[in-house]
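Here's the structure, in structure tokens; my notes come after.
Values in this text are rule-based calculations from the coordinates and carry no lab data. If you're wondering where the values come from, they're calculated on a predicted model, not measured in any experiment. So basically every Cβ, Gly included, is an ideal-geometry build from the backbone, and we count neighbours across all protein chains shown.
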Amino acid sequence: MKVPGTKKTFAETGKEIMKTRKYGKDRFAENSKKLNDMNNQAAYDALLATQE
């Protein structure tokens, strides 16, 4: 199944959203990573809701 409006499947889009990225080791990088993880999870949840 393809995501509406794109040519990618739900699995491809999900992998792209949840892809891990490298961050630095300081506290600002840690906070940025936490914020990005929360946003990515929200986008992934929305994708799964669309799939249902």
Based solely on its DSSP helices, what 222 nm [θ] is calculated for the chain when runs of n ≥ 4 H residues each add -39,500 (n - 2.57) and the sum is averaged over all residues, nearest 500 deg cm²/dmol? -21000 deg cm²/dmol
Can you tell which of A29, A42, A11 shows the greatest fluctuation in a Gaussian network model of the chain with Cα springs below 10 Å? A29
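With a cap of 15 neighbouring Cβ atoms within 10 Å, and only residues DSSP puts in a loop, list the trypsin sites (Lys or Arg not before Pro) found in the chain. Please report the intermediate quantities before stating the final value.
Values: sites: K2, K7, K8, K15, K19, R21, K22, K25, R27, K33, K34; in loops: K7, K8, K19, R21, K22, K25.
For trypsin sites (Lys or Arg not before Pro) across the chain that sit outside H, G, I, E and B with at most 15 neighbouring Cβ atoms in 10 Å, the list reads K7, K8, K19, R21, K22, K25.
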In whole Hz and in residue order, list the ³J(HN,Hα) couplings for the range 16-30 that follow from phi through the Karplus curve 6.51 cos²θ - 1.76 cosθ + 1.60, θ = phi - 60°; x for Gly and Pro. 5, 5, 8, 4, 7, 10, 8, 10, x, 9, 7, 5, 5, 5, 5
FRET efficiency for M1 and N40 from the Cβ-Cβ distance with R0 = 22 Å, rounded to 0.05, comes out at 0.55
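So which chymotrypsin sites (Phe, Trp or Tyr not before Pro) in the range 23-52 end up in coil per DSSP with only 16 or fewer other C-beta atoms within 10 Å? Mind showing how you got there, number by number?
Details: sites: Y23, F28, Y44; in loops: Y23.
Sparse-neighbourhood loop chymotrypsin sites (Phe, Trp or Tyr not before Pro): Y23.
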Quick one: the Cα spread of the chain along its three principal axes, in angstroms, biggest first? 41, 17, 14
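Please give the net charge around D45, taking every other residue with its beta carbon less than 14 angstrom from that of D45, where Lys and Arg add +1 and Asp and Glu add -1. List each step's numbers first, then the result.
Values: positive: none; negative: D37, E52.
Here the count lands on -2.
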Quick one: net charge of T9's neighbours, Cβ under 12 Å, K/R +1, D/E -1? +2
